[in-house]
Amino acid sequence: MDITRRVRFEAERVRGFGKEIMAVPGCERLFSCIQCGTCSGTCPLSVYMEHSPRQIMALVRADFKDEVLRSNSIWLCASCYDCTVECPRQIRITDIMYALKQRAILEGVYPKHFPIPILAKEFAAMVRRKGRITETLLVMRLFMKANWRAVLSSWRQGLGLIRTGRFVLRQEHIERRDELTAMLAAAGNGTGKTKETP
Amino acid sequence: MTYNYFPGCSLKGLGRAYEESLLPVMRHLGVEMAELDDWNCCGATAYMSVDEHMACVLAARNLALAEKAGPQDLVTPCSACYLVLNKTKHYIKDSPEINATVQRGLGAIGLSFSGKTAVRHPLDVLVHDVGLDVIKEKVVRPLKGLKVAPYYGCQVVRPYATFDDAWNPTTMDRLLKTLGAEVVHYPLKTKCCGASLTGTVPEAGLRLTYILLKEAVRRGADVIATICPLCQFNLDAYHDQVEKRWGPARIPTVYFTQLMGLAFGLPVEQLGLNRNFVPMKPLPEVPAPA
């Protein structure tokens, strides 16, 4: 039987990480967590997570950056906000999950071939280019990038969408795409980012 | 009564039956929905996962366009759009840093946002502005005998809804009763449908969908009524995969606006009901008046 240590080492901490996350708008109350576990009990996805939301709060606060950013937990958060309205300390747990997702994408440390972060990036790229999302085209891009075999298991659903007239192949876009580009460029100036995150 | 209307991407794609039923119902009630000129994607949950500041800037363009279009409230039927637009308003108000980024972006294209425009859901508008009494007057084909499970999902009631309770919302329950339907007790009404996880991590996402379907069947419902395009898609378009994994749970899921259209006697073929994977049974014929 393999014995693995379940508690992290002091040396694995990245000092200041918790404070950095707390400085993100919406995450201010992170350090008020009393580890009651209401979030984990409420969360419909916690049973699938490597670390429950309660553990994530503790790990972030204790600066275990790699542990948190590389876990599937943050990507399994479906943004249902149940934990956020239930938290007795008014911690915006969903928003903390967002801050962690952004950080994981920025540093490129999300689980590779895991479709959720890829979907987020493809979604953002389509919005920047076109201003709008065409869901069927987005899903096809996701299949190509993440798991083309999934197309095979979804063919019946694809046919159903065609049958019900919901399979849209024409890319939706806004008229003033240049306006969108100009807006995002101007907003990005002064935030310390030379260009938007990939 | 006039509102600015933000449809969101889904209502032009997978959720087109929502728009196809929403607009005629609103028109029938004398409510004008003026589609926002050149609106862009709200960013949904995905953009927020990539870049919070830019997500707010994107969403804020729509708020600014709405403010420019006039003092009317901005109505958006999609739960994600509703949440993101409201969230952006909160962030602009609460975070000077985000407000500065947003105003810099908007300023570059000759727009600004003061924070005034209210972002509302059609359910709120229908019940609280139009009123159940007015809706009742329009019901020509009461949904008698139709058992409906009212499903609200997450993002309209959490965390920013101001018009109903986050734990036990009842706005749609009351609306459905006004249409003559029998509302089934459905304690899962605000539980998560699995969102985009149904496609990306089906083991987890579809399980949530299954729980919702199964419970509605167990409670004796004929149909699930929803207020969100993603909830409708998840509950309707994955039956094959869900039932193969966990067993039968067949029940149709329609938009609450489609049920309103039926009760108002609007032409069935114009309500988008043909877009369902699992179709709703036609209502029993009304005996012709003697």
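Rule-based calculations on the coordinates, nothing more; no lab input. Owing to the predicted nature of the structure, the values given are computational and were not obtained by experimental measurement. Every residue, glycine among them, receives a Cβ derived from its backbone with ideal geometry; neighbour counts consider all protein chains shown.
The Cα trace of segment A:10-107 gives Rg and Dmax of 12.0, 35 Å, the first to one decimal, the second as a whole number. In a simple Cβ point-charge model (Lys, Arg +1; Asp, Glu -1; nothing else charged), segment A:123-189 has a dipole of about 300 debye relative to its Cα centre. Estimated purely from DSSP H runs of n ≥ 4, each contributing -39500 (n - 2.57), the mean residue ellipticity at 222 nm for chain B is -13000 deg cm²/dmol once divided by its residues.
Excluding residues fewer than 8 places away in the same chain, name every one of the lysines whose C-alpha is closer than 18 Å to that of residue B:191. Candidates past the 8-residue exclusion: B:214. Remark: the protein assembly as shown carries a charge dipole of roughly 940 debye about the Cα centre, counting +1 on each Lys and Arg Cβ and -1 on each Asp and Glu Cβ. Candidates B:14, B:216, B:170 compared by Cα position along the dipole of chain B: farthest toward the positive end lies B:216, with charges placed on Cβ.
Here segment A:100-157 is assigned +1 on the Cβ of each Lys and Arg and -1 on the Cβ of each Asp and Glu. Its dipole about the Cα centre then comes out at about 120 debye. In this structure, residue B:240 and residue A:176 have a Cβ-Cβ separation that, at R0 = 41 Å, corresponds to a calculated FRET efficiency of about 0.50.
A straight Cα-to-Cα reach below 18 Å connects residue B:147 with the aspartates and glutamates B:173, B:182, B:215, B:222, B:236, B:285, residues fewer than 8 places away in its own chain not being considered. Lys/Arg Cβ at +1, Asp/Glu Cβ at -1, dipole of the protein assembly as shown taken about the Cα centre: which of B:39, B:140, B:234 is farthest positive-ward? Final value for the positive-end residue is B:234. Please go through the residue pairs B:116/B:189; A:145/B:87; A:121/B:116; A:19/B:87; B:12/B:87 and name each one whose alpha carbons sit more than 26 Å apart in this structure. Exceeds cut-off: B:116/B:189; A:145/B:87; A:121/B:116. Dipole of segment A:115-187 computed with +1 at Lys/Arg Cβ and -1 at Asp/Glu Cβ about the Cα centre; of A:164, A:186, A:137, farthest Cα towards the positive end is A:164.
Hydrophobic, long helices, defined as DSSP H runs whose alpha-carbon span along the helix axis is 20 Å or greater and whose mean Kyte-Doolittle value is at least 0.0, occur in chain A at A:93-107, A:115-130. For segment A:1-42, trypsin sites (Lys or Arg not before Pro) meeting the loop criterion (DSSP other than H, G, I, E, B) and having at most 12 other Cβ atoms within 10 Å: A:5, A:6, A:15. Residues of chain B were split at every exposed loop site, defined as trypsin sites (Lys or Arg not before Pro) in a DSSP loop with at most 13 other C-beta atoms within 10 angstrom, and the longest piece left, sites excluded, is B:1-115.
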